[in-house]
Amino acid sequence: MRGSALARPVPLTPPPLASPPDAEPDGTPTTTDVLAPAIRSATVADLHRDHPHALCWWGEATRQWWTYLVLGADRALISANSPYRLADRITEMTTKALEGA
């Protein structure tokens, strides 16, 4: 009997959409949620202006700041907790590359 019984369909409902990280209890976005993309874009623009040889971005999945450096024949992928620390690391790596050249 067991092998001859047809499998019954199971209704699959999609999971509820997640609220933004800082959302209010009812799920409405806060001012921080609304402003965060614009602030991140401005921060990336500042990093690009100060370090034009570095490709910088905010990692939404990793919640980290990232840069890809091309220094002559060398390449480096660097992450940091803050844009300030990322800028320090870019400067540090660039200085080392220039000293070694």
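Readers should treat all values here as calculations from the given coordinates under stated rules, not as data from a laboratory. None of the values given here were measured: they were computed from a predicted structure. Counting neighbours? That spans all protein chains shown, and the Cβs are built from the backbone with ideal geometry, glycine included.
Relative to the Cα centre, what is the charge dipole magnitude of the range 31-100, using +1 at the beta carbon of each Lys and Arg, -1 at the beta carbon of each Asp and Glu, and rounding to the nearest 20 debye?
On the way: 7 positive and 8 negative charges, 17 e Å.
Dipole magnitude for the range 31-100 comes out near 80 debye.
Based on alpha-carbon atoms only, what is the radius of gyration of the range 31-100 relative to the globular estimate 2.2 N^0.38 Å?
Numbers: Rg = 12.8 Å, N = 70, 2.2 N^0.38 = 11.1 Å.
Against the compact-globule rule of thumb, the ratio is 1.15.
Over the range 24-101, calculate the relative contact order: mean separation of alpha carbon pairs under 8 Å at least 6 apart, over the residue count, as a percent.
Details: 72 pairs, mean separation 14.2, N = 78.
After rounding, I find 18 percent.
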